[in-house]
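Please treat every number below as a calculation from the coordinates, not as lab data. This structure is a prediction, so every number in the text was calculated from the model and none was measured. So basically every Cβ, Gly included, is an ideal-geometry build from the backbone, and we count neighbours across all protein chains shown.
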Amino acid sequence: MKPPRIDAKRIVLRPLNLNDTSALFTLMSRADIGPLAGWKPHQSPKHTKAYIKDAKRFNKQTYVFGIVLKETSRLIGTVELYNIKHNAADTGLIIHPDVQGLGYGKETINAILHFSFEHLFLNKVYYRTFTENDPSIQLMKSLGFSVLTVQYRGYTLYDGSKKDLIVGMLTQQAYHENNALLTGDIRVQAGEI
């Protein structure tokens, strides 16, 4: 089984491959990326290679995509759709700081929502982020997610410390009611759904 490729206006979401190791290590080894996503920064390309190999073990409960700029073919991050069960899933992403604030995160999550609701026919998608990650919170809200709860000390980090989480949710109905989300320029190709 192979996950699909998702084309949006300026980005492509595609399965990761071992050729992505160097670019992904550059991103995942940053001290300002891993802790905001809940994991320890990668210490070596070997760690990143293991992550890619794990991501390639596709199953229908987890999809991991590389986020690639169409114009330059540069890998700028990853997005995951995971815990897929009972017609719901979680999503989250990391984007290289050099291209944050340019709308790629919004385009990425919009493409994942399209895939989730139009191809997997999920009823709900959850978005979890730490309370101090203001750009991620703003992204979540801009896409129509409603804040469900704040989980105080709800996430245990790799070093044993605890962080507060905001949990947002978007239903399929809310997605369809918000015409701003329906861009019409997202295509899902090949792979297996």
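The equivalent ellipsoid of the chain has semi-axes of 23, 21, 16 Å, largest first, where each one is the square root of 5 times an eigenvalue of the Cα gyration tensor. Cross-link check: pairs K46/K70; K9/K56; K2/K163; K106/K162 evaluated at a Cα-Cα cut-off of 29 Å; pairs beyond the cut-off: K2/K163. Comparing H114, H96, H176 in a Gaussian network model of the chain where C-alpha atoms under 10 Å apart are linked, the largest mean-square fluctuation is found at H176. Per the Kirkwood formula applied to alpha carbons, the range 6-79 shows a radius of gyration over Rh ratio, Rg over Rh, of 0.96. Enter the Cα centre distance for the pair the range 86-118 and the range 34-62, rounded to the nearest angstrom. The range 86-118 and the range 34-62 have Cα centres spaced 17 Å from each other. Listed peptides 151-160, 41-50 appear in the order 41-50, 151-160 once ranked by packing, highest mean of other Cβ atoms within 10 Å at the front. Kirkwood hydrodynamic radius computed over the range 85-193 comes to 14.9 Å, based on all pairs of distinct alpha carbons.
When shorter helices are ignored and each DSSP H run of at least 4 residues is given -39500 (n - 2.57), the per-residue value for the chain at 222 nm works out to -7000 deg cm²/dmol.
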